[in-house]
Structures are given as structure tokens and as C-alpha cells.
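This report refers to the structure that appears directly beneath it.
Nothing in this text is a laboratory measurement; each read-out follows from the coordinates by a stated rule. Quantities reported herein were computed from a predicted structural model and do not represent experimental measurements. As a convention, Cβ positions derive from the backbone with ideal geometry for all residues, glycine included, and neighbour counts pool all protein chains shown.
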Amino acid sequence: MPVTERKGNTMEKVTVNVKLPAEMQKTEELLSVENLRVSFYTGERKKSRDGKIQIIRGFDIKLDPGEIVGILGESGSGKTVSSSMIMQLIEKDEGTIDSGTISFKGTDLVQADEKTLQKIRGRKIAYVFQDPSLALNPYKKIGRQLTDVLRTHRLPYSRQTIVNALAEAGISDAETVYEMYPFQLSGGQNQRIMICQSILCRPELLIADEPTSAIDASLRKKILDLLISINTTYHMAVILITHDFDIARYVCSRLVIMYGGLVVEEGSLEDILRQPLHPYTRELIACASSLDQHDQLLYTLEGTPVTPYDFREQCPFYARCSRRIEACDTAIPKMLTLGKRKVRCIRHTEAES
């Protein structure tokens, strides 16, 4: 099994091969999401539930135990909504799942009742929210909030258990932080506490939503290294939501690219960086490369992201694509499977040539 090691303090990785124990070499699929479509109720019609707009038009992902997969795309592409629906975090009066399946270790989460979901949320699947200041309770001390997590799931708890967990998450002077409130801590510290809270129950899947967006750039690598450490130490699968190709490149082994509420490309990190098949993916990589090379004139992706109000039966990238043809405007392209890769583009063969 290829495992990524970090070398020095740079965003550089070296691949080595680690042989897993026999009982870990053949594992069942952890998560499978197929053809997920999600709509939200809109405006005044929200009260009567007779007006909806589809936000997610096709989301698919498969995840093995211990794997790190990145969901990547611009803001508004559908990354957070898709991932939130895995844990059914959208209130029923806010939106609905129109179609699709979400299977976690054989349990259908779409059809699961609230009692079943409560046993899975936090215990089997945990979520690290983008803004820790909104996710943590400002009126409770850190120690109390973390203790409540273990009590809710009826797991053993003690002050020392929490202090040790805080230290493991990279919190210095954990004894003092145990007695502090979120507002007394920095954004980076609160993000570590959010991660600590999420892994207390040793879940099998951790969903991290833009975990470095609310912290100083100097702390970004430390948070990413913490996620990598959690993954390798506990064989915990991770879904990383990001808009930053550099972050995905540093952490992930496989990528799911989203645009316009659809998955437009999927494949291993190596394959996508070497030969992106979708025009949108190529544009994202060009933007990231421009930043990495410190070009005087930064490369920019022309146009603005499509919104749900603009969705049509056409390629979602049609208006911004320099390679569009008439056929791209007549229907949403089907997802094509090309060996271990997938792409939603009728002109993908041009990228392969």
C-alpha cells in the first residue's frame, strides 16, 4: 500500500510502500454515494414547501477504510452540501434528497431513521466544520464540550482523557485550555479543538470542510499534518473539502472535482495532475501552477461560477469553456468511466492525445 511521508517543512511528499497486516489488506468499502441529487426550499415558498431549487444534480463518491479523498472545486460547486448530506445534516424543512443512495458500511443513510443516524453521527462519522467559532458553544468551557461528546455516546470519560486528547491535537498547555472558553483562544487553537472533538470517539470517517480557511496561513501546514497523523495513526478515512489544489496535493491520494452541482472528474491525484481530462480541472491546475511559480501575471479562470439559478440541460462549464462545441449545449454530459478514472466531458479525448 502506498503511503505518503512528509519531508522537511515544505509541502513536499515522498511515496513509500508499507505492507499492511493480512487482515487489513482486503477490506470492505466504507462509503458509497451514488447519483445523489439534493434540492433546497426557496424564499416564501419555503413555508409551504412547494418551491424548490436543485443544488446537487449528481454526486458520487466511493471511499475505502483509511483512504484520504479530496472534494475540490470553487465556492458554490456543491462540495459542502454533498458532504453534509452524507451525515444528513440538512434540516428536513430546509431541503430534500431527490434521489440517490448513501451507504455507510452497508447501512442506507437516506432511509435510516433519526435514532440510527444519532448512533452514527460523531461515533462513526465525524464532521469538522469550516468555521470553528460557529461550531463551538461560546458559553461552555472546552473541557465540558469535549466531555459532553463522550457522554452523549456513552463512552468512558475523565478529565485526563480530555487533556490527553487536547495534547494529541497539538494544544500546548492542555490543562489550562481545558478550563477556557472558545473566545479566549485563537482561530488555530479552536480549529484543533474542533478536530480533537471530532476524533474523540475514534470514528471511521472524518469529513473536514475547508479546515484551514479560518486560520492564519502560517498554521495551515500544522493543521494538515494533524489530519495526516490522525489518518495514519487510527487508519481513519478522511474526506477533505477544499478549493485549493496545493492543499489537496499535500494531503489526498484521490480527487473528486465538482462544478455546477455535478462531479465532473474523478481519479488518483497523480493521474489528474499528470493529465487532467476535464477543461475545468485543467483551468484549476493552471491557476494553482501560476501561484506556485510566482508569475508576475497570475493566471485566472475567466467568467464566474454557475449558480443553481442558472442550471440548464447543458455542460455546466459550457459558458466558461474555450473548447465548447454545439453538442455541449444540448445536454448534461454523462459520466464516462475510463479505467480507474471518470470524466463528464464529450471532448475528453483531446486531453488524452
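Structure notes:
- Projecting the alpha carbon convex hull of region 277-353 along each direction and taking the average yields 6.3 nm².
- 222 nm mean residue ellipticity, helices alone, for the chain (DSSP H n ≥ 4; -39,500 (n - 2.57); rounded to 500): -8500 deg cm²/dmol
- Expressed to the nearest 5 percent, the antiparallel share of DSSP beta bridges inside the chain is 65 percent.
- Point-to-point label distance, Glu91-Lys221, nm (Cα→Cβ direction, 7 Å offset): 4.2 nm
- Estimated vicinal HN-Hα couplings, Hz - region 56-70 in sequence order (Karplus 6.51, -1.76, 1.60; Gly, Pro = x): 10, 10, x, 10, 9, 7, 10, 9, 9, x, x, 8, 10, 10, x
- The chain: projected area of the alpha-carbon convex hull, averaged over directions, in nm²: 20.2 nm²
- Residues with amide H under 5 Å from that of Leu30, placed H, sequence gap 5 or more: Leu63, Asp64
- Applying the Karplus relation 6.51 cos²θ - 1.76 cosθ + 1.60 with θ = phi - 60° to region 156-172 yields 3J(HN,Hα) values of x, 8, 6, 4, 5, 4, 5, 4, 5, 5, 5, 5, 5, 7, x, 7, 6 Hz, where x marks Gly and Pro.
- In order along region 339-346, the phi-based Karplus estimate (6.51 cos²θ - 1.76 cosθ + 1.60, θ = phi - 60°) of 3J(HN,Hα) comes to x, 8, 10, 9, 8, 10, 7, 7 Hz; Gly and Pro are listed as x.
- Positive contributions from Lys and Arg (+1) and negative ones from Asp and Glu (-1), summed over other residues with Cβ under 13 Å from the Cβ of Tyr181, come out at +2.
- With the simple spin-label model, which puts each label point 7 Å out from Cα in the Cβ direction, the Asp329 to Thr233 separation comes to 5.5 nm.
- Interchain or long-range residues, amide H under 5 Å from Ile332's placed H: Gln314
- In this structure the amide hydrogen of Gly95, modeled in the peptide plane, comes within under 5 Å of the amide hydrogens of Tyr41, none closer than 5 places in sequence on its chain.
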